[in-house]
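Notes for the one structure printed next.
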Amino acid sequence: MPYPNTVVFDIGGVLLDWNPRYLYRQIFEDEQEMEYFLTHVCSNTWNLLQDAGRPPAEGVAELSERYPHYADHIAAYHHRWLETLGETIHDSVAILRELQNRPNPIYAITNFNQENFALCLERYDFLNEFEGIVVSGEVKLLKPDPAIYLRLLQTHNLRAEDCVFIDDSEVNAKGAQRVGMHSIHFQNPAQLRDELKALQLL
């Protein structure tokens, strides 16, 4: 494949440090109970339903009916969602800034609830500077479904072979490969920098 000329970022885990434990360590005194809660109640599977476009309030209501003794804890996932964010991943954002000073277009594809993503747009200026973002909650598609990568390509008239997709999930990175994109499985900013240099993008 020829070298790509367009960079496509994932956001959570690459540019933003997201982990619900940041919130729930303030709520639970018992670490084991917190882990049970995040595994069996507000689980990744449940969270993905919101990332696929279900309104957070609806998800909270449905789960609270099933686990009424955790109703307040579940509600916090919605009302205190911003507290699930750590800091930006500074060195990754620095790489993004370097790329923005080059002629290569920069886009993003993210599994993110649309309401929560709107909160992030208000907080983090750099999220408003992509040439285009496909947000799963808005398009009702989730990575690694090929359709979400194709949505970006079709909307912005991009060729798959011209794009490199960066994601902290290996499954999602491989999803991009399946539609013909280059991909980088993000592990840390130093590794990302090296791989972008190898692709002659930095």
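Just so it is clear, none of the values below were taken in a lab; they were calculated from the coordinates. Bear in mind the structure is a predicted one, so any value in this text is a computation, not a measurement. Neighbour counts run over all protein chains shown; Cβ positions are idealised from the backbone, glycine included.
Only Lys, Arg, Asp and Glu count, each charged at its Cβ (+1, +1, -1, -1), so figure out the dipole size of the chain about its Cα centre, rounded to 20 debye. Before the final figure, lay out each step's value.
Numbers: 16 positive and 30 negative charges, 144 e Å.
Around 700 debye, computed over the chain.
Out of TYR67, TYR107, TYR22, any idea which swings most in a Gaussian network model of the chain, alpha carbons joined below 10 Å?
TYR67
Provide the net charge surrounding HIS182, with neighbours chosen by a C-beta distance below 10 Å and charges set as Lys +1, Arg +1, Asp -1, Glu -1. Don't jump to the answer; show the numbers that get you there.
Values: positive: none; negative: GLU161, ASP162, GLU195.
Summing Lys/Arg as +1 and Asp/Glu as -1 gives -3.
Tell me the label only: which of (1) 16.0, 45; (2) 23.5, 91; (3) 17.6, 56 is Rg and Dmax of the Cα atoms in Å as calculated from this structure?
Calculated Rg and Dmax of the Cα atoms in Å: the matching label is (3).
Sum -39500 (n - 2.57) across every DSSP H segment of at least 4 residues in the chain, then divide by the residue count to get the 222 nm mean residue ellipticity, nearest 500.
Values: 11 runs with 96 residues, N = 202.
It comes out at -13000 deg cm²/dmol, rounded to the nearest 500.
What residue among HIS78, HIS40, HIS182 has the largest mean-square fluctuation in a Gaussian network model of the chain, using Cα springs under 10 Å?
Maximum fluctuation in the GNM of the chain, among the listed residues, is at HIS40.
Along the charge dipole of segment 28-137, Cβ charges K/R +1 and D/E -1, which of GLY137, TYR67, LEU85 sits furthest on the positive end?
Positive-end residue among those listed: GLY137.
Could you identify which residue out of ILE95, ILE148, ILE166 has the top mean-square fluctuation in a GNM of the chain using Cα springs shorter than 10 Å?
ILE95
If the cut-off is a Cα-Cα distance under 16 Å, which aspartates and glutamates reach LYS140, setting aside same-chain residues fewer than 8 apart in sequence?
Straight-distance partners of LYS140: ASP51, GLU58, GLU115.
Just to confirm my numbers, what's the Cα centroid distance between segment 166-184 and segment 17-35 in Å?
Distance between centres, Cα-based: 30 Å.
Please quote Rg/Rh for segment 29-80 to two decimal places, taking the Kirkwood radius as Rh and restricting both calculations to Cα atoms. Can you show the working numbers first?
Values: Rg = 10.6 Å, Rh = 11.1 Å.
For segment 29-80, the value is 0.95.
Go through segment 78-126 and name the GluC sites (Glu not before Pro) that are in a DSSP coil and have 12 or fewer other Cβ atoms within 10 Å of their Cβ. Before the final figure, lay out each step's value.
On the way: sites: GLU83, GLU87, GLU98, GLU115, GLU122; in loops: none.
The qualifying sites: there are none.
Only Lys, Arg, Asp and Glu count, each charged at its Cβ (+1, +1, -1, -1), so figure out the dipole size of segment 102-176 about its Cα centre, rounded to 20 debye. The partial results should precede the final answer.
Working: 7 positive and 12 negative charges, 40 e Å.
About 200 debye.
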